[in-house]
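*Asks:* Sharing a structure, written as structure tokens. Questions coming.
What follows is calculated from the coordinates using simple rules that are stated; it is not laboratory data. All values derive from a computational prediction rather than experimental measurement. All Cβ positions, even for glycine, are placed from backbone atoms using ideal geometry, and neighbour counts span all protein chains on display.
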Amino acid sequence: MDFLEKLKSFDIPTCLRICAGTDGSVTFLLEIMTKHPTAVVTEYQHIIPADEQMAELFDVNVGSDINERVVTLTAGDVPYVFARSLSAIENMPEGVRSDMMKADIPIGRILRDHDIETRRDFENIEIMEDETLFGAQKLLSRSYRIVHHSGVLMWINEKFPVDTRWCL
């Protein structure tokens, strides 16, 4: 079953379905839906060496610098998304690299501010009932690649709590 068919099969609130299915900025959608600014709260960010899987994904050497960033997106003091991103430092355009190393700037805004044309290639989407997130007993997880000039610029996994906070 492909990404869209899987997403349509989930019994989740419509606002969550929209955020999970967008190939654009979740941060921007959250601001529209909640009518509150979306804050990006960086849980941690550090440089890690690329393992074989990362090296293959980003077409870099094993051991190359990979920026790992974990953030929570909140709107109106309510957490909506937990996201982990990986990006190969050497593949990033210079201005993007500088902004990515700064905490609390949404990835979509960084790409837009630097006029970087990208596409998002969805990998996987699933409902997970064996994990909790922000107090919810069920979560939706999706992963995708941000592609720029035929190369993977970033890999992102986003997790969304499945509960009534999405009934906006």
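*Asks:* I'd like to verify a number: residues in region 117-136 that are touching a Lys or Arg at 6+ places or on another chain (Cβ under 6 Å) and surrounded by 15 or more Cβ atoms within 10 Å (Cβ to Cβ), how many?
*Replies:* 2
*Asks:* Now, a different point. Out of the residues in region 76-113 that are among the β-branched types (Val, Ile, Thr) and within 16 Å of PHE160 (Cα to Cα), state the one that is farthest from the chain's Cα centre (by Cα).
*Replies:* VAL78
*Asks:* Please verify whether region 3-19 includes one or more residues that are in contact with a helix residue (DSSP H, G or I) (Cβ under 6 Å, 6 or more places away or on another chain), of a type outside the set (A, V, I, L, M, F, W, C) and not in a loop (DSSP other than H, G, I, E, B).
*Replies:* no
*Asks:* With touching a residue at least 24 places away in the same chain (Cβ under 8 Å) and touching a Pro at 6+ places or on another chain (Cβ under 8 Å) as the only criterion, which of ASP65, ASP104, ASP121, ASP163 stands out?
*Replies:* ASP65
*Asks:* Residues to consider are LEU168, LEU139; find the one that is touching a Cys at 6+ places or on another chain (Cβ under 9 Å) and either at positive phi or surrounded by 14 or more Cβ atoms within 10 Å (Cβ to Cβ) (or both).
*Replies:* LEU168
*Asks:* Follow-up. I'd like the full set of residues that are in contact with a strand residue (DSSP E or B) (Cβ under 7 Å, 6 or more places away or on another chain) and either part of a loop (DSSP other than H, G, I, E, B) or surrounded by fewer than 16 Cβ atoms within 10 Å (Cβ to Cβ) (or both), limited to region 102-116.
*Replies:* ALA103, ASP104, ILE105, PRO106, ILE116
*Asks:* Of everything in region 27-53, what is in contact (Cβ under 8 Å) with a residue 60 or more places away in the chain and touching a strand residue (DSSP E or B) at 6+ places or on another chain (Cβ under 6 Å)? Give them in sequence order.
*Replies:* Passing the criteria: THR27, THR34, THR38, ALA39, VAL40, VAL41, THR42.
*Asks:* So, one more: If you go through region 124-160, how many residues are under 12 Å from the mean Cα position of the chain (by Cα) and among the hydroxyl-bearing types (Ser, Thr, Tyr)?
*Replies:* Going through region 124-160 one residue at a time, the tally reaches 3.
*Asks:* Within region 67-98, which residues are of a type outside the set (Gly, Ala, Ser), surrounded by fewer than 18 Cβ atoms within 10 Å (Cβ to Cβ) and in a helix (DSSP H, G or I)?
*Replies:* Hits for region 67-98 are ILE89, GLU90, GLU94, ARG97.
*Asks:* Report yes if LEU153 is in a helix (DSSP H, G or I), surrounded by 14 or more Cβ atoms within 10 Å (Cβ to Cβ) and touching a Ser or Thr at 6+ places or on another chain (Cβ under 7 Å), otherwise no. Full working, then the answer.
*Replies:* Values: in a helix (DSSP H, G or I): no; surrounded by 14 or more Cβ atoms within 10 Å (Cβ to Cβ): yes; touching a Ser or Thr at 6+ places or on another chain (Cβ under 7 Å): yes.
Answer is no for this residue.
*Asks:* Tell me whether region 128-138 contains one or more residues that are in contact with a Pro (Cβ under 8 Å, 6 or more places away or on another chain), closer than 25 Å to ARG17 by Cα, in a strand (DSSP E or B) and in contact (Cβ under 8 Å) with a residue 60 or more places away in the chain.
*Replies:* Checked against the condition, which is being in contact with a Pro (Cβ under 8 Å, 6 or more places away or on another chain), closer than 25 Å to ARG17 by Cα, in a strand (DSSP E or B) and in contact (Cβ under 8 Å) with a residue 60 or more places away in the chain, region 128-138 yields no hits at all.
*Asks:* Right, something else. Which members of region 70-101 meet the condition of being touching a strand residue (DSSP E or B) at 6+ places or on another chain (Cβ under 9 Å) and without any contact (Cβ under 8 Å) to a residue 12 or more places away in the chain?
*Replies:* Within region 70-101, ASP77, ARG97 meet the criteria.
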